[in-house]
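Single-structure report; data block below.
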Amino acid sequence: MKRAIGAVTFVVRDYDEAIAWFTGALGFQLIADTPLGDGKRWVLVGPETGSPLLLAKADGAGQTAAIGAQTGGRVAFFLHSDDFARDHQRMLAAGVRFREQPRHEPYGAVAVFEDLYGNLWDLIEPAVDT
């Protein structure tokens, strides 16, 4: 039996603003947008490969408080790239806010950026083992 993470929940303020940001700023694909009733939707967005994000509209004060603070200020998500310079430039042009200049680490080229709610992400082109 093979196992994989099927999706990761990402708490949002509004489905449509989150879809617009992820598809526009990050170039993600809209994989699913299915109404579930009572204003809820099953919304999946993601890059070409890997686990998608399940966009979950916050319900109640506790979930609303988690928007933008899903990991308490730590980098929450790691967006891998096969061409760091290309993706970094495209994201800058789309208005993505980077917290730092690109840097090279033993594990690859990386820069921290914020999503539309302030969660931190790494854009990373992993180093190739030689």
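Observations on the structure shown:
- Karplus-based coupling profile of segment 34-51, in residue order and whole Hz: 10, x, 10, x, 6, x, 8, 9, 9, 10, 10, 10, x, x, 4, 9, x, 6, with θ = phi - 60° in 6.51 cos²θ - 1.76 cosθ + 1.60 and x standing for Gly or Pro.
- Fraction of beta bridges assigned by DSSP in the chain that are antiparallel (%, nearest 5): 70
- Hydrodynamic radius of the chain per Kirkwood, over alpha carbon pairs, in Å: 15.7
- Amide H to amide H distances under 5 Å link residue 31 with 44, 45, 46, where only residues 5 or more positions off or on other chains count and H is placed in the peptide plane.
- Close amide-amide hydrogen proximity is noted between residue 81 and 124, 125, each under 5 Å apart and 5 or more residues distant or on a separate chain (H modeled in the peptide plane; Pro and chain starts excluded).
Rule-based calculations on the coordinates, nothing more; no lab input. Everything numeric in this text was worked out from a predicted model, so none of it was measured.
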